1. Mind checking whether some residue in the stretch A:258-266 is crowded, with 19+ Cβ neighbours inside 10 Å, aromatic (Phe, Trp, Tyr) and not assigned by TED's automatic domain parsing to the domain that holds residue A:213?
2. Mind listing whichever residues of the stretch B:127-138 are modelled with pLDDT under 90 and touching a Phe, Trp or Tyr at 6+ places or on another chain (Cβ under 8 Å)?
3. Test residue B:208 against the criterion of being in contact (Cβ under 8 Å) with a residue 60 or more places away in the chain and closer than 29 Å to residue B:245 by Cβ, and give yes or no.
4. Hey, can you tell me all the residues within the stretch B:37-47 that are assigned to a loop (DSSP other than H, G, I, E, B) and farther than 19 Å from residue B:62 by Cβ?
5. Whether any residue in the stretch A:560-575 is among the small types (Gly, Ala, Ser), assigned to a helix (DSSP H, G or I) and more than 30 Å from residue A:388 (Cα to Cα) is what I want to check.
6. Among what's in the stretch A:573-598 and is closer than 20 Å to residue A:642 by Cα and more than 43 Å from the chain's Cα centre (by Cα), pick the residue that is modelled with the highest pLDDT.
7. Is it fair to say residue A:372 is within 25 Å of residue A:547 (Cα to Cα) and either buried (at least 18 other Cβ atoms within 10 Å of the Cβ) or in contact with a Pro (Cβ under 8 Å, 6 or more places away or on another chain) (or both)?
8. Regarding residue A:269, is this residue at the interface with another protein chain (Cβ under 10 Å from one of its Cβ atoms), over 24 Å from residue B:373 (Cα atoms) and in contact with a helix residue (DSSP H, G or I) (Cβ under 7 Å, 6 or more places away or on another chain)?
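The values are calculated or read from the model by the stated rules, or taken from the named source; none is laboratory data. Please read all numbers here as calculations on a predicted model, not as lab measurements. Here the Cβ positions follow ideal geometry from the backbone for every residue, glycine too, while neighbour counts run over all protein chains shown.
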Amino acid sequence: ATVYLPLKVLSPPVFSHLSIFLHMHILEDLNKQLFDNLVSFLRRSHSEFQEKTTEWTCRMKSKEIPTAALVLGVNVTDHDLTFRSLSEVLQNNITPYIAFLEAKDCPGVKKLMQKLMGQLMNCYVDVDSSEDEDYVQVSHNRIRCSMTSLINWYESVTKKTDSETPSKKRTSSSRHWQSPPVVVVFKDMESFSTKVLQDFIVISSQHIHELPLVLIFGIATSPMIIHSLLPHSVSSLLCIELFQSLSCKDHLSTIIDKLLLRASFPFKLGEKVLQVLINIFLYHDFSVQNFVKGFQLCIVEHFCSQPVSVLCCQLVDAKKRADSLSHDQCENIRKLPSFRRYVESQVSEKQIALLTEDTYLKETTQKLLEDLHVYHENYLSVLRCLHVFTSFLPKYPLGKQIRELHCACLENQVWETEEYESSLQLARMLNKSDLVTMLQQCVEIFVSSSGKEFDNTVEKLKEFLTQFQKLEEAFQEQDVSVSSQKELQKKTDLYHLQKTLLELKESRRYKKLTKFEMLRFDVVDYIDSLVRNYLVPANHKTLHEIAYFNTASVLREHLNAAPRIALHTALNNPYRYLKNQELKSDEGSISNKAPDICIVYKLHLECGRLINLVDWLEAFSTVVMAAEGPNADAASSDQVDDIIHARFIRAVSELELLGFIKPSKQKTDHVARLTWGGC
Amino acid sequence: MPNLEHPAYPAATLLHLESLVPCRESQVSMLLSIFGERQQFSFPSIFIYGHTSSGKTYVMQTLLNTLQLPHVFVNCVEYFTSRLLLEEILMQLQSCCSETEQTSHVHCDTFNDFVRLFKQAVVSEELEDQTLYIVLDRAEQLREMEANILPAFLRLQELTDRNVTVVLLSEIVWELFRPNTGCFEPFTLYFPDYSIGHLQKILSQNHPPEYSVDFYAAYINILLGVFYMVCRDLKELQHLAALNFSKYCEPVVRGEANERDTRKLWKNIEPHLKKAMHTVYLREISSLWMFRVGFGLSAHTHVELPYYSKFLLIAAYLASYNPVRTDKRFFLKHHGKIRKTNFMKKHEKTSNHLLGPKPFPLDRLLAILYSIVDNRVAPTANIFSQITSLVTLQLLSMVGHNDQLDGPRYKCTVSLDFIRAVAR
């Protein structure tokens, strides 16, 4: 594939957005709350160590290790990123002494201690690498992997910072305390063996006074795992505080909000593509990182496969670039389906001009690009506004999340769907306070939006609000007048009073409700008109191919790997991959031109759970010999050729290697079949 | 209770020692009589056992420290290999009596080296005229080490020909230690559990300075009345005492009751303690922040899983707890008639939930998955990787570690409640 953009064009607007903006800011912002809590927890735990209070309550829990249970959710693939930024935060705020332990590195306490000491002592070297040659040498020697040597190391390190020159001391103590805690992070708590954890906790609790240790447990499932891993005698040595990270669904919403629902970001995802990405997220892995990677793949794919993606950049640049398009590029634009539709809708002279004159085409393209840009800005504001409404409705006919609404709007004209109809129905039944808050939110959205066309809209919405206000005042006034009326009529007889009151009540209810109802209808109709105006699906727009990536099939092919199906196709239909004309055969029959393994595979598909090797060989030789004609058939009817026998054995062992069959002990000369249909 | 008496030590020290080890006087006096005077040879090895928190470690430590007997104290969990253990003993020995801080690192790989180095160390530290005590805490760990370590420690006196006594502390009985090949039998001493009276005495001793002894003793009395039935662990009781004491004091602090108003105080603390009963041993609330954070760990049992992971887990649960022969009945649309046979009844009597999960092959899991999911599921790599991630999350476990290609078998390790929550 050819990249249709020069690299210098690719780099600043698009990729900087992605790699830096995405990875750094969003993820850190999301975890900021969590990290802040953790940091303050570490500060507190540390202060208890420092003061060495002899207070009564403190003496009672002298051997408890402060522990943070960090519940991170089941999306294990994202954890690395979280831990990386966590380590950064801790290094900057709390302590340089952090060790990350993984279960696969720690089969025993010894290995765990080795790993721990290795990381801690290296990190010491990293912190100030200038004057520690002697220490590096020590760490090259065989260190005794025991807590005592760790304590000695800690003492020497903290003492060193004490006795350092004032200038040095200032730099180090500005960030950390005199004796910073040692943080040990267990990345995957679930996978650690109980023995290792127990022993480590028992050992470190013995030395908690000499070594201010803090443990962080990275938990993917639920905090109850601590109780199932550790017996009471061990868990009583811990002083656990729970921290919960943001749920991955919220995480996704934020990313979609910051990335897809921004007009400033030129690249857009089409409905199908977005659906594929969201489905993978919700159905399979909950991994935000994979979502981002899928998104990056879309970008690369878009710029590699779509010639007109040249124009996918900020509006100013796009206009400039449109001006300097080559003839070929102009032809590419002319080929776009949406552009053709546009041409057909024009008068004939213009059609000719568009199709023949490059300069005219460029002018039109600039205009259309601007239109597209304006469309995006308006679209997003109105989408958010509609979301305000739909998120208030019971049962959420159009979805609770804005991403669902976005997908619905991208897919087709949303106002023609049943869900939209039912949500309008529901919206017509909203109560006043809800309606007013919604309108206020919409006003805020429109005021803060960058679109220029919304002045009138804001006016109109504000007008609605004042009308509601008036309605309320009128209501109260009427209330007062009614009560005065009541006072007057108190003197008449009971029957009349009752009658008049009933009439009054009825008329009042009827009249007022209609007034409010009318207003409510007006509001809903107005929102409806906004939707019809601005939420036109993107693929109805001319030149939408420039910004939207729509080939979901490519994405699906890349992200939904199906090894079983691929293997099956390769063996069942070798032509698919080998492209050898001889192999092109109709389904069902077994060609003897196919590779041996394919023949063997096809034959084995017809068998049951146990396959008789002799029968199989028989069938194989029949297929192979089929082409050799009747005379060869006669020669080998009773005995199988050695070469064919060898070929068969090789093919069968290849199948075994691929995991389709395995030798069986149940019957001699039989193999067991391992795969059935989809499993 | 007899007062401690021993001709070798001054009476004042003994009196002090007695105040430090409440309710363990008889054991201490027994130990003292075994130890004899400083220069006298003692029994070569002593084995002390007793239940969790019956004061073994504490009594040994206080005894040796108050009487200033030369000793080495090591925890066998901490020094998990024999090399580390032996080296640690030698290191402590070096710094035991000598004033010089400098302790050079010693290399000691075998017990033979240890005996040699030990002899040297004892001579150089001038400890010949006193009995040296080596205390090995959590001695059950010794069984995990090389076979010669435990028997050699038991007869260290004989091997080194020095005045040394090895004390082993453990929670399990000596019979479980005895090696097949036989060994020197140590003198065994049992530390019985504390009775309720003992617990009362010990807990009351540790009263906070700002309140009177009687007030705190009354509190402990109430506490034991509630918790003694479910928990006799001194440590846990201490934890509970510290945890709930501030609540108990509240009326006094507010001035609503005085310290003698036990009835009022009891009324105040009773519901609180009842609530705490449910979480004994769980340490749901860490002691440091118990009054700041309102929730415990068990409140967060819900696990959010991706759509197909949920179905995979449910399928795994079904495969683990349903017998294979019912699969056809449950998961096939056109199953045959349900035959009522005797052998079925016999099995149905014992609940499968009591028997625990059974292993199942991968293809059975997938077959059940396909039948319980409404729409078609493509067997993509994503599905397979979800199975693996469920294994890493310990929701499934792999049975047997043979080759992956050979049809891996799994077990579902989650409970019915968990599955109910997932299926909702």
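1. Looking for residues that are crowded, with 19+ Cβ neighbours inside 10 Å, aromatic (Phe, Trp, Tyr) and not assigned by TED's automatic domain parsing to the domain that holds residue A:213, one finds none in the stretch A:258-266, hence no.
2. B:131
3. no
4. From the stretch B:37-47, those assigned to a loop (DSSP other than H, G, I, E, B) are B:37-44; that's our starting set.
Scanning the stretch B:37-47 gives B:37, B:39, B:40, B:41, B:43, B:44.
5. Step one: filter the stretch A:560-575 for residues among the small types (Gly, Ala, Ser), giving A:561-562, A:566, A:570.
Applying the additional criterion that residues be assigned to a helix (DSSP H, G or I) yields A:566, A:570.
Imposing the further condition that a residue be more than 30 Å from residue A:388 (Cα to Cα) reduces the set to A:566, A:570.
The answer is yes, given that some residue of the stretch A:560-575 is among the small types (Gly, Ala, Ser), assigned to a helix (DSSP H, G or I) and more than 30 Å from residue A:388 (Cα to Cα).
6. Initially, the stretch A:573-598 is screened for residues closer than 20 Å to residue A:642 by Cα, giving A:592-598.
Subsequent filtering for residues that are more than 43 Å from the chain's Cα centre (by Cα) retains A:592-594, A:596.
Values: A:592: 75, A:593: 79, A:594: 83, A:596: 88.
Applying the filter and picking the extreme gives A:596.
7. Working: within 25 Å of residue A:547 (Cα to Cα): yes; either buried (at least 18 other Cβ atoms within 10 Å of the Cβ) or in contact with a Pro (Cβ under 8 Å, 6 or more places away or on another chain) (or both): yes.
In short, yes.
8. Values: at the interface with another protein chain (Cβ under 10 Å from one of its Cβ atoms): no; over 24 Å from residue B:373 (Cα atoms): yes; in contact with a helix residue (DSSP H, G or I) (Cβ under 7 Å, 6 or more places away or on another chain): yes.
So residue A:269 fails the test.
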